[in-house]
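**Student:** Here you go, one structure.
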Amino acid sequence: MANLVRIGKSDVETTALGLGTNKVGGHNLFPNLKDEDGYAVVRKALDEGIQLLDTAFIYGKGRSEEIIGDVLQDYDRSKVVLATKAAQDPLHDYQPNNDPEFLTLQIDAALRRLKTDYIDIFYIHFPDETTNKYEAINALVKARKEGKIKAIGVSNFSLAQIKEANVEDVIDVVEDDYSLVHRDAEKELFPYLAEHQISFVPYFPLASGILTGKYTKKDHERFDQYSEAQFNQIIEATEKVRQIAEAKQATVAQVILAWYLKNPAISVVIPGARKPEQVESNAKAMEIELSEQEYKEIDEWFKN
C-alpha cells in the first residue's frame, strides 16, 4: 500500500499521486475526446491504486463529474478521494462567481452528478472580482459542517486572496499552476502554506508536455511562452533527467513525477491522461525512488 498523505487539517488521506480528469469528458476543452476512453481512464486509475480523482464542473460542463460518478458505483467509495471545483457561472457566460449562495448550489449539483453523498475536497475554482473571499469560503465551511464536503480548497487564488479567505485558518488545500519550469509558488506561497498547514496540489506538472522528454530544441515554435534560451535550457535539463530515467528503466515523465512525489512542499500531484495506458505509465512513478542527490540535481538543472 502506498504511503498516504493528509490534506491540510482535515481527516482526508490519499495517495500522493492522483488523476487529473480534464480529459475525462472535457469535450469543451479538448477535441476528439471519447467518453469510453474517459471511463477507461478513471477505472484504470482506481485499479492502479490511485485514490484521488481531481475533476471540476467546467470539465465538460458537468460531464467529467458524471463519468466519475458512474464509475464510482463499481468501487468502494470509502477508498476513493473525490476532489471537484466550481466557480464558472452558466448564467453569466461561465465567468467566475464566488457568491456563497451560488457556491452552495454548485456543491449540491456536483453531489448529484458524482452520485455520492459527500465530496472529499471542494475547491473554489477561480476567484471573482467582487465577492469578499472570507464570505465565499464560509459557504464551504457551512457545507463541511453539513457533511457535504470534508476539506476546503481554493484554486488559482493569489496569495492576498488566500489570506483574505483564510482569516480563520479553514483552508486545507490550494491548487495552482506549478512545475519544474514554472516555480513562482516557491517564493511566497509555499512558506505561507507551510506556516498554516495547507496542502499544495500543482496542476500542469508536466508543463503541457515539455517535461515528458519528447521534444528537442527544434520544437521551440510549439512553446512560444519561452524565449529560445529558456527553451534550450529546459531541453538540456530534460536530457540530463533522461540519464537518470534510463538508469532506473523509467521514462523522463515518470522521473519528473517522482521528483514531485518527493518534494515536501507538494501533497498530491495530478497528471492528466487521455488513454488508460498513460495512467498506467504515470502510476509507475510511485515505484521510483530518487536519492537525495538525484532530487537536488534535478532541482538545480531546472533553476534559471
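The values are calculated or read from the model by the stated rules, or taken from the named source; none is laboratory data. All values derive from a computational prediction rather than experimental measurement. Glycine also receives a Cβ, built like all others from the backbone with ideal geometry; neighbour counts cover every protein chain displayed. What goes into the accessible areas is simple: the full protein's heavy atoms, side chains included, and nothing from ligands, DNA or RNA. Shrake-Rupley method; radii C 1.70, N 1.55, O 1.52, S 1.80 Å.
**Student:** Within segment 98-116, track down each residue that is open to solvent by 30 Å² or more (accessible area, probe 1.4 Å), in contact (Cβ under 8 Å) with a residue 24 or more places away in the chain and either among the charged types (D, E, K, R) or under 21 Å from Asp54 (Cα atoms) (or both). Full working, then the answer.
**Tutor:** Residues of segment 98-116 that are open to solvent by 30 Å² or more (accessible area, probe 1.4 Å), as a first pass: 99-101, 104-105, 108, 112-113, 115.
Checking the rest, the ones that are also in contact (Cβ under 8 Å) with a residue 24 or more places away in the chain come to 99-101, 104, 108, 113, 115.
Across segment 98-116, the qualifying residues are Asp99, Glu101, Thr104, Asp108, Arg113, Lys115.
**Student:** Condition first: hydroxyl-bearing (Ser, Thr, Tyr) and at negative phi. Now tell me which residues in segment 58-94 satisfy that.
**Tutor:** Tyr59, Ser64, Tyr75, Ser78, Thr84, listed by residue number.
**Student:** Looking only at segment 207-223, decide whether some residue is of a type outside the set (D, E, K, R) and in contact with a His (Cβ under 6 Å, 6 or more places away or on another chain).
**Tutor:** no
**Student:** Filter segment 70-97 down to the residues that are surrounded by fewer than 20 Cβ atoms within 10 Å (Cβ to Cβ) and touching a residue at least 40 places away in the same chain (Cβ under 8 Å) and list them by number.
**Tutor:** Scanning segment 70-97 gives Asp70, Leu72, Gln73.
**Student:** Quick one: would you say Gln278 is at pLDDT below 95, within 22 Å of the chain's Cα centre (by Cα) and either part of a loop (DSSP other than H, G, I, E, B) or not hydrophobic (A, V, I, L, M, F, W, C) (or both)? Step through it out loud before you land on a result.
**Tutor:** On the way: at pLDDT below 95: no; within 22 Å of the chain's Cα centre (by Cα): yes; either part of a loop (DSSP other than H, G, I, E, B) or not hydrophobic (A, V, I, L, M, F, W, C) (or both): yes.
When the stated conditions are applied, Gln278 does not pass them.
**Student:** Let me ask something additional. Cβ-Cβ distance below 7 Å, separation of 6 or more or different chains: which pairs start in segment 41-62 with a residue that is of a type in the set (Phe, Trp, Tyr) and end on one that is open to solvent by 10 Å² or more (accessible area, probe 1.4 Å)?
**Tutor:** Between residues of segment 41-62 that are of a type in the set (Phe, Trp, Tyr) and residues that are open to solvent by 10 Å² or more (accessible area, probe 1.4 Å), the close pairs are Phe57/Gln88; Phe57/Gln106; Tyr59/Asn22; Tyr59/Leu29.
**Student:** Further, regarding this structure: I'd like the full set of residues that are touching a strand residue (DSSP E or B) at 6+ places or on another chain (Cβ under 9 Å) and closer than 20 Å to Gln51 by Cβ, limited to segment 247-277.
**Tutor:** Answer for segment 247-277, where residues must be touching a strand residue (DSSP E or B) at 6+ places or on another chain (Cβ under 9 Å) and closer than 20 Å to Gln51 by Cβ: Leu257, Tyr260, Leu261, Asn263, Ile266, Ser267, Val268, Val269, Ile270, Pro271, Gly272, Ala273.
**Student:** Has segment 47-67 got any residue that is crowded, with 20+ Cβ neighbours inside 10 Å, touching a His at 6+ places or on another chain (Cβ under 9 Å) and farther than 22 Å from Phe157 by Cβ?
**Tutor:** yes
**Student:** Looking at the structure I just gave you, is Ala207 free of Cβ contacts under 8 Å to residues at least 40 places away in the same chain and over 26 Å from Asn282 (Cβ atoms)? Don't jump to the end; show me each part of the working.
**Tutor:** Numbers: free of Cβ contacts under 8 Å to residues at least 40 places away in the same chain: yes; over 26 Å from Asn282 (Cβ atoms): no.
Spelling it out, it is not the case that Ala207 is free of Cβ contacts under 8 Å to residues at least 40 places away in the same chain and over 26 Å from Asn282 (Cβ atoms).
**Student:** Hey, another quick one. What are the residue pairs meeting all of these: first residue in segment 147-164, first residue within 15 Å of Val201 (Cβ to Cβ) and modelled with pLDDT of 95 or more, second residue open to solvent by less than 30 Å² (accessible area, probe 1.4 Å) and of a type in the set (Lys, Arg), Cβ atoms under 7 Å, and 6 or more apart or on different chains?
**Tutor:** So the pair list comes out as Ser155/Lys85.
**Student:** Which residue, of Gly25, Gly38, Gly8, is out of contact with any strand residue (DSSP E or B) (no Cβ under 6 Å at 6 or more places or on another chain), small (Gly, Ala, Ser), modelled with pLDDT of 95 or more and in a loop (DSSP other than H, G, I, E, B)? Reasoning before the result, please.
**Tutor:** Values: Gly38 fails: in a loop (DSSP other than H, G, I, E, B); Gly8 fails: out of contact with any strand residue (DSSP E or B) (no Cβ under 6 Å at 6 or more places or on another chain).
Checking each option against the conditions leaves just Gly25.
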